[in-house]
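Read the structure below first, then the notes.
Each reported figure results from applying straightforward, stated rules to the coordinates on display, with no laboratory input. Since the model is a prediction, treat every value here as computed from it, not as a measurement. Please note: Cβ atoms are built from the backbone with ideal geometry, for glycine as well, and neighbour counts cover all protein chains shown.
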Amino acid sequence: MHIPDGFLDARTAVASGILAAGGLGIAFHQVRRHLPRRKIPLLGLTAAFVFAAQMLNFPVAGGTSGHLVGGVLTAVLLGPSAAVVVLASVLIVQCFLFADGGVTALGANIFNMGLIGGVVGYAIYRLVRRVSTGTRGVVMAAAFAAWCSTVLAAIVCAGELALSGTVAWSVAFLAMVNVHMLIGIGEGLITALVIVAVARARPELLDQRVDENTLDYGPVLILGLLISLGLALFVAPFACPWPDGLDRVARTLGFEYRTVGQPLIHSPIRDYHLPGISSAAAATALAGVAGTVVVFALAFLLARLLVPKPPADTD
């Protein structure tokens, strides 16, 4: 669902950018106030995992693929404000390092996947949790909210395309919703599987009432980074090569030609292929590893800057 340059007109790009900047500002403020300093490495870890997982496109139907967005998954683990920071970090690195998503559409992508996918998706999760209890309730609520967040983000994307005059609203709405209802099933299943794994291995990560000072996040950080790097190194090169939902809709409806011919900026690892490597699989694998490390560093540094140090004990 990464919108490239050329799909949105200037008015829509600026408006969505303003909304994204406002949402990011609120998210930064909330993270600064509420994220425990001990969870800073987890924010970086989650960003690294989401980046690696987004490289793993899965087949949907009719030559179309989808990939995890991760907004609800991150919000369940760290809270909705942290989810916005995580998704923004991932999207910024994807845009500037890999040319995945346009520079002019960066605000729209953050708004769609970070704010709609993370914040609105989390609100749906909390509503469902009122009538579902226990670990099974957490998993079911997260899966349903993840599906909803994917469809809602697709609807918002269709609205942005329509406002830009790229395609008629009625046509964009039907096309985007139809394909993303299927992609959302994959989003929900992946979210559920990760939540189940966390609940079995470290259930305290899902319990907001646990005293943070009693938790040791070191083993989680090491294992999580190894899993993220493993996904990028060994699985990403074999991901489904079919176009994702938005690309397929653009081809079907005939507006893919609106993409900018020449990139607005130079992306050093364009299309997730590290230059200078003859093997396509190796180029993708090493690009994924590089991106995973960069995303982790960016999200970690952002959290370190946002979360204040505890006051020094003067006694």
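Positive end of the dipole of region 1-139 (Cβ unit charges, origin at the Cα centre): among 28, 138, 93, the Cα lying farthest that way belongs to 138.
Relative to one another, the C-alpha centroids of region 272-313 and region 89-108 are positioned 14 Å apart. Estimated from helices alone, the mean residue ellipticity of the chain at 222 nm is -20500 deg cm²/dmol (sum of -39500 (n - 2.57) over DSSP H runs with n ≥ 4, per residue). Applied to region 16-23, the Karplus parametrisation 6.51 cos²θ - 1.76 cosθ + 1.60 on θ = phi - 60° returns per-residue 3J(HN,Hα) values of 5, x, 5, 4, 5, 5, x, x Hz, with x for Gly and Pro. Modelled label positions at residue 131 and residue 177, each set 7 Å beyond Cα in the direction of Cβ, lie 2.1 nm from each other.
Mean sequence separation of contacting Cα pairs (under 8 Å, at least six apart), scaled by the length of the chain, corresponds to a relative contact order of 31 percent. Kirkwood-type hydrodynamic radius, the chain: 19.7 Å, calculated from all non-identical alpha-carbon pairs.
Dipole magnitude for region 22-141: about 660 debye, using +1 per Lys or Arg Cβ and -1 per Asp or Glu Cβ, origin at the Cα centre. Go ahead and collect, in residue order, the members of region 37-62 whose backbone nitrogen is under 11 Å from a label point 7 Å along the Cα-Cβ direction of residue 185. In region 37-62, the label zone of residue 185 (backbone N under 11 Å from the point 7 Å along Cα→Cβ) covers 60-61.
Taking the C-alpha atoms only, the angle from helix 80-98 to the longest principal axis of the chain is near 50 degrees. In this Cβ point-charge picture (+1 for Lys and Arg, -1 for Asp and Glu), the chain has a dipole of about 480 debye about its Cα centre.
Summary of packing: across the peptides 249-255, 276-282, the per-residue average of other C-beta atoms within 10 Å ranks them, highest first, as 249-255, 276-282. Residue ranges 264-271, 118-125 sort as 118-125, 264-271 when ordered by packing (mean number of other C-beta atoms within 10 Å per residue, highest first). Amide H to amide H, with H built 1.01 Å from N, residue 66 comes under 5 Å of 58, 60, counting only residues 5 or more places away or on other chains.
Computed packing ranks the peptides 185-196, 233-244 as 185-196, 233-244, most packed first, by mean other Cβ atoms within 10 Å. Based on Cα atoms of region 80-166, Rg over Rh with Rh as the Kirkwood radius reads 1.06.
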